[in-house]
Amino acid sequence: QNRRLYVTEGASGVRQLKLSYAVDLHRNVKGLFSAGYIEPMFGGIGGEVVYMPDHKQWALGFDAYWLKQRDFDQKFGFQDYETVTALLSFFYDLPFYDMRFKIDWGRFLAKDVGVHLDISRRFDTGARFGAIVALTDCDPDCVGEGSFNKWIYFEIPMELWLQGSS
């Protein structure tokens, strides 16, 4: 709800500053551990583990983070709000149009518990477009209009702007 304050007061702040370590825990198990100013609104420490079996269209993941809300100016201070998030994820690559279904279950940033249902399509360029519906125990004041959160998103890989990319 405070996104506007982060944009206006944090115009010259540090949006992200983190250390991440990716590791192959096993041939089919990947890990990522991160610490720092993870995103414009939160900093903390945590990690993710994903199990991807060979020749399957599905994967399982788990992530957990201790997070603290950053000051609106996005310098190096924090506010009083802190939480622990923990999510169990199931990914399934649908057999058409490079589409993926993902479901996350667990505890989210607002300390609400529930599920996120995510369907997206990946394009040949690496870009992804998708939509999410969040069904949690968050009170009606939290979700705004309607009885649940919903949004669309797109991801554009930075490699598209590098020389020599197709």
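Data overview
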quantity	calculated
The stretch 41-150 - percent of accessible surface contributed by carbon and sulfur, probe 1.4 Å	62
For the chain, calculated [θ]222 nm from helices alone, where every DSSP H run of n ≥ 4 adds -39500 (n - 2.57)	-1500 deg cm²/dmol
Partner aspartates and glutamates for residue 111 [C-alpha distance under 13 Å; skip if fewer than 8 residues away on the same chain]	82, 137, 139
Approximate shape of the stretch 19-166 as ellipsoid semi-axes (Cα gyration tensor, √5λ), whole Å, largest first	26, 21, 18
Relative counts (whole %) of C-alpha pair distances in the stretch 18-73, using bins that are 5 Å wide	5, 19, 22, 18, 14, 10, 7, 3, 1, 0
Ranked by how many other beta carbons lie within 10 Å on average, peptides 67-79, 119-131, 38-50, 148-160 from highest	38-50, 67-79, 119-131, 148-160
Under 22 Å from residue 18, Cα to Cα: lysines that are on another chain or at least 8 residues apart	30, 68, 75
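The values are calculated or read from the model by the stated rules, or taken from the named source; none is laboratory data. Remember, it's a predicted structure, so these values are computed and weren't measured experimentally. Quick reminder, even Gly has a Cβ in these numbers, built from the backbone with ideal geometry, and neighbours come from all protein chains shown. SASA here: full protein model, heavy atoms, side chains in, ligands and nucleic acids out. Shrake-Rupley method; radii C 1.70, N 1.55, O 1.52, S 1.80 Å.
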